[in-house]
Amino acid sequence: MDILRSERSRIVVSLGLLSGAFILFAGAVGMIEAFHEREVVDKFISLGQLLMLLAPFAVGFVAASRMAHTDASALTLLVCGAGVGILTAIPTVILLLFNSEEFRFLLDLTLKLLPLAVASYFAWQRYRAGADPRLVAGAWLAIAVLIGIVTYSFALVFEIKGELRTVLVNINRDWVDVVTFDHRKELMTGILTLCLATVASGCVGAIFHLIPDAPRRALLYGLGVTFLVGAFGETVRLILQEHLDRDTLKEIFRRDTLRQNAALALFVVSTVTGFLWAMFGQNLRHGISTMEYSQRRVLNGIGMLLFVAILLSLPWLIGRTLSDVAVTIGIFVLMGLGLNIAIGLAGLLDLGYVTNYAVGAYILAVLTSIGPLGLLKGTFNFWTVIPVALLAAMTAGFIFAMPVLRMRGDYLAIATLGFGEIIGKLAISDWLKPLIGGAQGVQAIPKPVFLGAELKNPEQLYYIVLVACLVTLFVSIRLNNSRTGRQWMAIREDEDVATAMGIDTARAKLLAFTLSAATGGVAGAIFAAKVGTVFPNSFTVFISINVLSLIIVGGIASNPGIVVGAIVLIGMPELLREFSDFRFMMYGALLILMMIKRPQGFIPSKIVTHEVRQGVKLKPAAAE
Amino acid sequence: MALLEVNGIHTYYGNIHALKGVSFEVDTGEIIALIGSNGAGKTTTLRTISGLMTPREGSVNYDGEVISNTRADMLVSKGISMVPEGRGVFAKLTVEENLDMGAYIRRDGAIKEDLKGAFSLFPRLQERRKQVAGTLSGGEQQMLAIARALMSKPRLLLLDEPSMGLAPVLVDGVFETVQRIANEGVTILLVEQNAHMALQIADRGYVLQSGEVAISDTAANLQKNETVKKTYLGID
């Protein structure tokens, strides 16, 4: 018993069961099966299997690193890795057995014995604690009957229906195929394969901890790049398709899947690059930092030029489908930059940002539409409406800000949330139907025309979004460093003290809401022009939440962070459309993970880094 | 004529009658101490004067002008500056940025000069000018809060419990500084629980008790007053 109570075994058991539960859960909700559809490396591994093996690998590594201080030998670590691996497989194996014809009786047995076992356990505990035997017997009976009712009815259902998947929809043949690595027919071989795979991956995880830092990082980098390219094979192929000829492409991809040779080559190349960077990257960075100022400036200039060149040629580099994604990302970057004025700079938690987006979209739709709802057919075009949409959104922001100026924090958030809902309901209402079409929305919105050419492709719309983003970025940087920005910062920190500095907080907040609304209006107008139709159900609270989340994930009050946040939260789901059922689950998991591991966001602003790292210290010391 | 005149103000928190007709006056160049126990209405009085709260009855006159209905931020440009309770420095801004915020209402060119002045008054702040204010010690934060209040070039400085949460050895320093500021011609209204220290530097003092002025006298006399000695100075 002692070995089970040691620290090591506790680590192994808890981590192993954690990853086991994860795999079981991912299987039961159908995630593994759905991900299996996408092959990462042709005829080698699918995304679903990768997901399954990633869990023991990760916990194997974590287990090894948690044991580092107990001076465990390499062999011990290996055994622990194997232990974690086997524990990962166990829950899934049990379910596999329950699911099979031969071992169905095990399920029946378990369901029938479970109430007795649980009741006896509790009764024994109470009895040992010195309870009255008659009471113990009564409790035993009660617990057994209560749990028994549930488990016996399940047993009955399974007996009648004969299959697990009548209750657990996703525990079906396809799932068995995936977890047994295509050994559905010979179940024992399948179970053995699964165990071997998880054990091996747990061991590899543990070994990974033993490898010195530089090669480890290189290997991780190599594996990461290979699997990412594989997982996003379709996207990568779309990009390469623009620049490579058909035959070369066929060498690399079989349809959308990376071929084995190509994957191997990619792995080797990226690992070697990663290794070189790990070895010499430090020197390189050191070399740059000790360079003369003028030289560094030249280097910075080259970097800037390269960046601008990539930005400008992006649609040509990535092709049509991805340009479309880029436009969507750009629209959200635009909104992120706008909302950041309210949230990041002035600390006003606005949960009704969708209001501005909707106002911009409907203004453009109604003013330019050539359909029956168009007000002034032909008088306005995209370019003349943009300033109108901007002003309209600002007005909306101003009006909605008026009643909530005196509110703070949570109350403000709830009030703005309400405004967002009101706009959604107004858009779909019968009252405004003659004007904006109710549930049918506004159709036939013409594309923008530039110098006589219609900008109908995403590649062309991309430039409109780019310009809008750059202008907004410029304005927001200037604002951040201005007297106005300082004023917002003071309000964010402490409204009373800000007043004591002579700041008119009401005016400053009004300004923040109004300016923040402006880009939302432009984003909405571009969105309407891009899609060509405007429906009320495009303007839900999810838009507000998305924009807020991308700011938080990227790093609050950080402009580069907003771009990264938009790429991760808006771009990735676009590329993972086929897994749309699990989109919000992954989204939620990512947000939770971020808040635990990196609450300051991907690219935090300086001030926020300080807040998160030293949060406790920042409160004024109570006493010296 | 008095620089600040408080005429029978009644201030409420909702239905709670916090100030029940408080009256006192502050002459130019004086240091006035408002002392009293917890809940006597000291901070409420200060918040009413600085415009964060509005009295239901009575008025506050400043420099011959009624200010009891003027917004807090407008008062700063009229020359009233406040050091809030618990210091209230902008924790995430640097020392220098905090001082800049203090000069928010000013648009003249002498801000740089005054920054130097603040640093010569508090050399510790100069050493830490690039440091984030939240990482300063409690005493340094108090210095920063006072220096920041001075950046708006006030004629009247309202200090709310400057000794709160400070070690005794630092409290001496804070009161010394207050004295020095007064010597430069700034009128000071000081709210303190530490009656002993406050009465040492003050010219006159008012004792507040459950929302009313109970005793008013010169600081020297208050120090000798039996009730004050017993209740606030802890001397039997």
In terms of Cα to Cα distance under 13 Å, which aspartates and glutamates are near enough to B:K116, apart from those fewer than 8 places away along the same chain?
B:E96, B:D100, B:E127
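Give me Rg/Rg_expected for chain B, where Rg uses Cα atoms only and Rg_expected = 2.2 N^0.38 Å with N residues. Show your work: numbers first, answer last.
Numbers: Rg = 17.3 Å, N = 236, 2.2 N^0.38 = 17.5 Å.
Taking N as the residue count of chain B, the ratio is 0.99.
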Residue among A:T540, A:M279, A:F584 farthest towards the positive dipole end of chain A, charges placed on Cβ
A:M279
When the Kirkwood radius is taken over all Cα pairs of region B:1-109, what Stokes-Einstein diffusion coefficient follows at 10 °C and 1.306 mPa s, in µm²/s?
104 µm²/s
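A:F584 to A:E234: extension gain in nm, 0.36 nm per residue of separation minus the Cα-Cα distance? Before the final figure, lay out the partial values.
Working: separation 350, 0.36 × 350 = 126.00 nm, distance 2.16 nm.
Full extension from A:F584 to A:E234 adds 123.8 nm.
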Take region A:93-191, compute every pairwise Cα distance, and split them into 10 Å bins from 0; I just need the percent in each bin.
15, 34, 24, 17, 8, 1
Given bins 5 angstrom wide, list per bin the percent of all Cα-Cα distances in region B:143-208, short to long.
3, 16, 33, 27, 16, 5
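Using Cβ contacts closer than 10 Å as the measure, can you line up B:I9, A:I331 from fewest to most?
Values: B:I9 27, A:I331 24.
In order of increasing Cβ crowding within 10 Å: A:I331, B:I9.
In cubic angstrom, how much convex hull volume per residue do the alpha carbon atoms of region B:86-151 span?
71 Å³
How large is Rg over Rh for region A:312-541, taking Rg from the Cα atoms and Rh as the Kirkwood inverse mean of 1/r across Cα pairs?
Numbers: Rg = 18.2 Å, Rh = 18.1 Å.
With Rh from the inverse mean 1/r over Cα pairs, Rg/Rh is 1.00.
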Final fewest-first order of A:F380, A:F105 on the 10 Å Cβ neighbour count is A:F105, A:F380
Distance between modelled label sites at A:S73 and B:K20, nm, 7 Å Cα→Cβ extension:
8.3 nm
Can you list, bin by bin at 5 Å, the percent of alpha carbon pairs in region A:265-386, starting at 0?
2, 8, 8, 9, 11, 14, 15, 11, 6, 6, 5, 3, 2, 0
Two-site label geometry, B:A167 and A:L391: point separation in nm, points 7 Å out along Cα→Cβ:
6.3 nm
Any idea what angle helix A:47-66 forms with the longest principal axis of chain A, computed on alpha-carbon atoms, 0 to 90 degrees, nearest 10?
80 degrees
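Hey, any idea what Rg/Rh is for region A:225-290, computing Rh the Kirkwood way over Cα pairs? Spell out each step's value before the answer.
Values: Rg = 15.5 Å, Rh = 13.4 Å.
Reported Rg/Rh, Kirkwood definition of Rh: 1.15.
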On C-alpha positions alone, give me the angle between the axis of helix A:104-128 and the longest principal axis of chain A, in degrees, nearest 10.
80 degrees
Enter the angle in degrees (range 0 to 90, nearest 10) between the Cα long axis of helix A:458-480 and the first principal axis of the Cα atoms of chain A, meaning the one along which they spread out most.
80 degrees
Partner shielding of B:72-80, as the mean number of partner chain Cβ atoms within 10 Å, equals 4
Counting partner chain Cβ atoms within 10 Å of every residue's Cβ in B:92-100, what's the average?
3
Give the lysines reachable from A:K433 as a straight Cα distance under 22 Å; neighbours fewer than 8 places away on the same chain don't count.
A:K377, A:K425
Would you mind computing, in nm to one decimal, how far apart the modelled labels at A:K433 and B:D217 are, each placed 7 Å from Cα along Cα→Cβ?
8.2 nm
Between A:D256 and A:I90, what FRET efficiency comes out of the Förster formula 1/(1 + (r/R0)^6) with R0 = 35 Å and r the beta carbon distance, rounded to 0.05?
0.55
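Starting from the Cα-Cα distance between A:L470 and A:V298, subtract it from 0.36 nm times their residue separation and give me the gain in nm to one decimal. If you can, show how the numbers build up before the last one.
Details: separation 172, 0.36 × 172 = 61.92 nm, distance 2.30 nm.
Length difference between fully extended and current span is 59.6 nm.
Give the whole-number value, in cubic angstrom per residue, of the convex hull volume spanned by the C-alpha atoms of the protein assembly as shown. Mind dumping the intermediate values first?
Numbers: hull volume 241.5 nm³, N = 860.
Per residue, the Cα convex hull of the protein assembly as shown comes to 281 Å³.
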Can you give the charge dipole size of chain A about its Cα centre, rounded to the nearest 20 debye, using +1 on the beta carbon of Lys and Arg and -1 on the beta carbon of Asp and Glu?
900 debye
Using alpha carbon centroids, what distance separates region A:112-131 and region B:12-37, in Å?
69 Å
Can you give the helix-only mean residue ellipticity at 222 nm for chain A, where every DSSP H stretch with n ≥ 4 adds -39500 (n - 2.57) and the sum goes over all residues, rounded to the nearest 500 deg cm²/dmol?
-24000 deg cm²/dmol
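Take every DSSP beta bridge with both residues inside the protein assembly as shown and express the antiparallel ones as a percent of the total, to the nearest 5.
Details: 29 of 48 bridges.
About 60 percent, rounded to the nearest 5.
Sort A:C195, A:C80 by Cβ crowding within 10 Å, fewest neighbours at the top. Mind showing how you got there, number by number?
Numbers: A:C195 18, A:C80 26.
Starting with the residue having the fewest Cβ neighbours, the order is A:C195, A:C80.
Enter the mean number of other protein chain beta carbons within 10 Å of the beta carbon of each residue in A:500-511, as an integer. Present the calculation step by step, with values, prior to reporting the outcome.
Working: counts 20, 18, 17, 6, 5, 3, 2, 1, 1, 0, 0, 0.
Mean shielding by partner chains, rounded to a whole number: 6.
Using only the Cα atoms of region A:1-135, what semi-axes does the equivalent ellipsoid have when each is the square root of 5 times a gyration tensor eigenvalue? Give whole Å, largest first. Can you show the working numbers first?
On the way: eigenvalues 220, 132, 24 Å².
With the √(5λ) rule applied to region A:1-135, the semi-axes are 33, 26, 11 Å.
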Among A:G344, A:F332, A:F25, which residue has its Cα positioned farthest towards the positive end of the charge dipole of chain A, with +1 placed on the Cβ of Lys and Arg, -1 on the Cβ of Asp and Glu, and the dipole taken about the Cα centre?
A:G344
What is the extension gain from A:F542 to A:M595, computed as 0.36 nm multiplied by their sequence separation minus the C-alpha to C-alpha distance, in nm to one decimal?
17.1 nm
For region A:351-388 and region B:210-236, what is the separation of their C-alpha centers, rounded to whole Å?
71 Å
Report Rg (one decimal) and Dmax (nearest whole number) for region A:429-569, counting Cα atoms only, units Å.
18.6, 56
Sequence neighbours fewer than 8 away in the same chain don't count; with that in mind, list the aspartates and glutamates whose C-alpha is under 18 Å from A:K161.
A:E101, A:E102, A:D108
Report, in deg cm²/dmol and to the nearest 500, the calculated mean residue ellipticity at 222 nm for chain B, where each DSSP H run with n ≥ 4 adds -39500 (n - 2.57) and the sum is divided by the residue count.
-9500 deg cm²/dmol
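Quote the FRET efficiency, to the nearest 0.05, computed for A:L426 versus A:V268 with a Förster distance R0 of 56 Å and r equal to the Cβ-Cβ distance. Walk me through the intermediate numbers first.
Working: r = 59 Å, r/R0 = 1.05.
Calculated value: 0.45.
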Within region A:296-325, name every residue whose backbone N is under 15 Å away from a label modeled 7 Å from Cα of A:V531 along the Cβ vector.
A:325
Remind me, relative contact order of region A:225-290 in percent, using alpha carbon pairs under 8 angstrom and six or more residues apart?
33 percent
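Coordinate-derived values only; no laboratory data. As the structure is a computational prediction, the values presented were derived from the model and not from experiment. Here the Cβ is made from the backbone with ideal geometry for all residues, glycine too, and neighbour counts use every protein chain on show.
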